[in-house]
1. As a test of the formula, what do you get for the chain when each DSSP H run with n ≥ 4 contributes -39,500 (n - 2.57) and the sum is divided by the residue count, at 222 nm and rounded to the nearest 500 deg cm²/dmol?
2. Taking Cα centroids, how far is segment 51-69 from segment 12-30 in Å?
3. Below 8 Å, C-alpha to C-alpha, sequence gap of six or more: please give me the relative contact order for the chain in percent.
4. What does the chain give for Rg and for Dmax, in Å, if only its C-alpha atoms count?
5. Carbon and sulfur atoms: what percent of the 1.4 Å accessible area of the chain do they account for?
6. How do the peptides 22-34, 3-15 rank, highest first, by the average count of neighbouring beta carbon atoms within 10 Å per residue?
Amino acid sequence: MIPNLSIMTNSELKRYISEHRNDSQAFEAAMEVLMSRRNPANLHPYPFELANPEIEVEAIFKRKLNQVE
């Protein structure tokens, strides 16, 4: 029986996923809940969806490196 995954914290979900990695039904259910909690602002475009992947990916890397410095 799968517990109510939607009330678990992310840490609890990660632990549950780790403990049930060989139970495909439990693993997939927990991953679905965890992935649904992603922040859409953190999603990055897939390079092949860009008009000019080489230049645009390089610009993304440069922006990220400048943020770190």
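The values are calculated or read from the model by the stated rules, or taken from the named source; none is laboratory data. Just so we're clear, the structure is a prediction, and the values are computed from it rather than from any experiment. Cβ: placed from backbone, ideal geometry, glycine included. Neighbour counts: every protein chain shown. Areas reflect the complete protein model, heavy atoms only, side chains present, ligands, DNA and RNA absent. Shrake-Rupley method; radii C 1.70, N 1.55, O 1.52, S 1.80 Å.
1. The helix-only estimate for the chain comes to -18000 deg cm²/dmol at 222 nm.
2. 35
3. Relative contact order, the chain: 22 percent.
4. Spelled out, the Cα radius of gyration and Dmax of the chain are 17.6, 50 Å.
5. The nonpolar share, carbon plus sulfur, comes to 54 percent.
6. Answer by packing, highest mean first, reads 22-34, 3-15.
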